[in-house]
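Notes to accompany the following structure.
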Amino acid sequence: MTKSEALFERAVKRIPGGVNSPVRAYGAIGEAPRFIDRADGCYIYDVDGNRYIDYIDSWGPMILGHNFPAIRESVVKASEKGLSFGCATEIEVEMAEFICSHIPHVEMVRMVNSGTEAVMSAIRAARGFTGKNKIVKFAGCYHGHTDAMLVSAGSGVMTSGVPDSAGVPKGCTEDTMTAVYNDLNSVKTLMEQAPGQVAAVIVEPVGANMGVVPPEEGFLEGLRALCDENGALLIFDEVITGFRLAFGGAAEYFGIRPDMVTYGKIIGAGMPVGAYGGRREIMEMVAPVGAVYQAGTLSGNPIAMAAGLTQLKYLFAHPETYTLLAEKGEKLYGGMEDILKEKGLGYQLNHISSLGSLFFTEQQVKDYTSAKTSDTTAFADYFKAMLKNGIHLAPSQFEAMFLSVAHTDAVIEETLDAVRKYFV
Ligand SMILES: *Cc1c(COP(=O)(O)O)cnc(C)c1O
């Protein structure tokens with residue numbers, strides 16, 4: 001028995017499923033998850049001493065690679081002054097000023113502790129500001145595990161508010177309407193079904209939780225127009241895309257101005273941080289200025305702010321990071337595509353900059369329904385083979401691969417060799 005297996009045996013007795021977040025379980029794979037001891041650059045090391053090239057990157061935060069020296073040092077330094085005060089600190093002001101001065105659509109921002117909290121709070125603010133209740137989301141888009149967002153409807157059929165999870169009362173989701181990604185008509189239909197009642201449309205500007213599904217030409221522009229026509233706010237959930245596609249996230253990358261954005265993952269550099277922000281008049285609805293209540297004992301925690309701000313400052317000072325990530329993406333995902341083409345295999349490889357997904361389907365993947373045509377058994381086999389070759393992918397067909405600046409050309413070549421070996 002490996003150490004990971006032994007730890008997993010202990011874990012399942014005291015932690016549901018043995019993990020503190022279900023995405024870590026190897027449920028789809030039928031093995032014990034690898035328990036990680038440490039990580040450095042593009043590598044993670046499990047407790048049995050195995051080294052893997054890591055394409056999870058903590059689900060995005062490690063855009064500069066694991067254990068980035070400047071971030072580690074900022075955390076050590078900040079911790080010497082105390083871990084938390086529950087009082088206002090200078091670094092929170094610096095963080096807010098830094099974000100607002102470099103991201104034009106963020107005029108004010110509030111820090112929270114996770115992406116889930118960011119979305120939950122943004123939706124509350126949007127409802128408070130508009131005085132409306134309905135929220136339009138897209139099937140296959142994940143916005144954290146807040147009750148109102150645990151609806152995917154799971155097919156092209158537009159339904160109103162059927163919860164995905166036990167324990168979510170129908171009442172919590174009856175104002176959540178589900179549209180089809182990349183299908184503006186589905187949004188228009190919902191707007192017509194609930195005229196003047198839609199507070200906001202929330203979208204992952206690049207779908208990255210049903211595998212990677214980029215927006216088709218005109219989709220985000222169309223959402224902007226539909227929101228304007230219907231007096232609804234447009235919320236970009238940039239928890240993955242923020243500071244990744246560009247410093248200003250997908251909004252900058254595609255040139256669309258959302259009314260609100262949510263952040264997580266990269267903004268904390270590995271510490272538990274989320275944030276929501278947007279137009280000043282919306283954010284001034286939030287307590288203690290306005291009537292929308294939202295709070296947090298550890299929000300804006302000085303250690304977390306030190307880590308996050310160091311990462312953001314580095315990214316801003318090194319804009320070439322984004323060209324570099326795009327090049328690495330082209331090398332890795334383009335290389336994988338070439339291998340599959342050469343073999344004449346019917347797979348889909350969706351990718352944009354550092355994000356990519358290999359779908360085990362012959363159908364073009366442009367929404368949740370097409371993503372779900374993937375053969376997850378085939379994926380599990382591929383995952384296991386890659387793991388055996390020292391490559392650590394997310395243990396699910398419906399997650400993205402995350403490249404960091406620490407993934408060198410040699411490491412990308414090594415990955416392509418493993419992919420080639422598998423498909424030959
Ligand atoms: C990860 C994620 C969330 C939730 O963030 P947590 O920090 O896990 O709560 C929300 N939205 C998107 C797009 C995400 O990828």
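The values are calculated or read from the model by the stated rules, or taken from the named source; none is laboratory data. Quick caveat, the model's predicted, so the values are computed rather than measured. Neighbour counts run over all protein chains shown; Cβ positions are idealised from the backbone, glycine included. SASA here: full protein model, heavy atoms, side chains in, ligands and nucleic acids out. Shrake-Rupley method; radii C 1.70, N 1.55, O 1.52, S 1.80 Å.
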Checking the cross-link filter: which lysines have an alpha carbon closer than 29 Å to that of residue 3, excluding same-chain neighbours under 8 positions apart? 13, 265, 384, 388, 421
Separation of the residue 170 and residue 192 label points, Cα + 7 Å toward Cβ, nm: 2.6 nm
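Round to a whole number: what % of the accessible area of region 70-174 belongs to carbon and sulfur, probe 1.4 Å? Walk me through the numbers before you get to the answer.
Values: 2890 of 5040 Å².
Whole-percent figure for carbon plus sulfur exposure: 57.
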Quick one: if you stick a label point 7 Å off each Cα along the C-beta vector at residue 291 and residue 100, how many nm between them? 2.4 nm
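For the chain, what is the accessible area per residue in Å², given a 1.4 Å probe and the full set of protein chains?
Details: 17700 Å² over 424 residues.
Roughly 42 Å² per residue, with all protein chains present.
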Quick one: the Cα spread of region 368-407 along its three principal axes, in angstroms, biggest first? 34, 22, 9
Protein-only accessible surface order, largest first, of 283, 120 at 1.4 Å: 120, 283
Order of 131-140, 165-174, 300-309 by packing, highest average Cβ count within 10 Å first? 300-309, 131-140, 165-174
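I'd like the carbon and sulfur percentage of the solvent accessible area for region 274-343, probe radius 1.4 Å, heavy atoms only, ligands and nucleic acids excluded.
On the way: 1770 of 3090 Å².
Of the solvent-accessible surface of region 274-343, carbon and sulfur hold 57 percent.
Under 8 Å for C-alpha pairs, at least 6 residues apart: give me the relative contact order for region 190-232, rounded to a whole percent. Spell out each step's value before the answer.
Values: 25 pairs, mean separation 21.5, N = 43.
For region 190-232, the relative contact order is 50 percent.
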Once label points are set 7 Å from the Cα along Cα→Cβ at both residue 376 and residue 316, what is their separation, rounded to one decimal in nm? 4.1 nm
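Taking each pair of different alpha-carbon atoms in the chain once, compute 1/r for the pair, average those values, and report the inverse of that mean as the Kirkwood hydrodynamic radius in Å to one decimal. It would help to have the intermediate numbers written out before the result.
Working: mean 1/r = 0.0452 Å⁻¹.
Kirkwood hydrodynamic radius for the chain: 22.1 Å.
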Mind running the shape call on region 39-153? Use the C-alpha gyration tensor, a ≥ b ≥ c as the square roots of the eigenvalues: rounded below 1.5 for a/c, prolate if a/b tops b/c, oblate otherwise. oblate
On the formula 1/(1 + (r/R0)^6), with r taken between the Cβ atoms of residue 342 and residue 28 and R0 of 45 Å, the FRET efficiency rounded to 0.05 is 0.95
Taking only protein heavy atoms and a 1.4 Å probe, the highest-to-lowest accessible-area order of 100, 87 is 87, 100
Which whole-Hz couplings ³J(HN,Hα) result when phi for each residue of region 366-374 is put into the Karplus expression 6.51 cos²θ - 1.76 cosθ + 1.60, θ = phi - 60°, listed in order with x for Gly and Pro? 10, 7, 5, 4, 5, 4, 6, 7, 5
Consider just the alpha-carbon atoms of region 276-363 and return their Rg together with their Dmax, both in angstrom. 21.1, 61
State the extension gain, in nm to one decimal, for the chain segment bounded by residue 37 and residue 363, taking 0.36 nm per residue of separation less the distance between their alpha-carbons. 113.5 nm
Extended-chain gain in nm, criterion 0.36 nm per residue less alpha-carbon gap, residue 20 and residue 388: 130.0 nm
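Antiparallel DSSP bridges in the chain: what percent, to the nearest 5? Write out the running numbers ahead of the final one.
On the way: 26 of 45 bridges.
In the chain, DSSP labels about 60 percent of beta bridges as antiparallel.
If you average the sequence gap of Cα pairs under 8 Å that are 6 or more apart and divide by the length of the chain, what percent do you get for the contact order? Intermediate values should be presented prior to the final figure.
Values: 855 pairs, mean separation 88.9, N = 424.
Once divided by the residue count of the chain, the mean separation gives 21 percent.
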With every protein chain kept in place and a 1.4 Å probe, the residues 73, 90, 217, 337 fall, from largest accessible area down, as 217, 90, 73, 337
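With an 8 Å Cα cut-off and a minimum separation of 6 or more residues, compute the relative contact order for region 1-61 in percent. Kindly include the intermediate steps, with their values, before the conclusion.
Details: 62 pairs, mean separation 15.2, N = 61.
Answer for region 1-61 is 25 percent.
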Expressed in square angstrom to the nearest 10, the accessible area of residue 392 with a 1.4 Å probe stands at 20 Å²
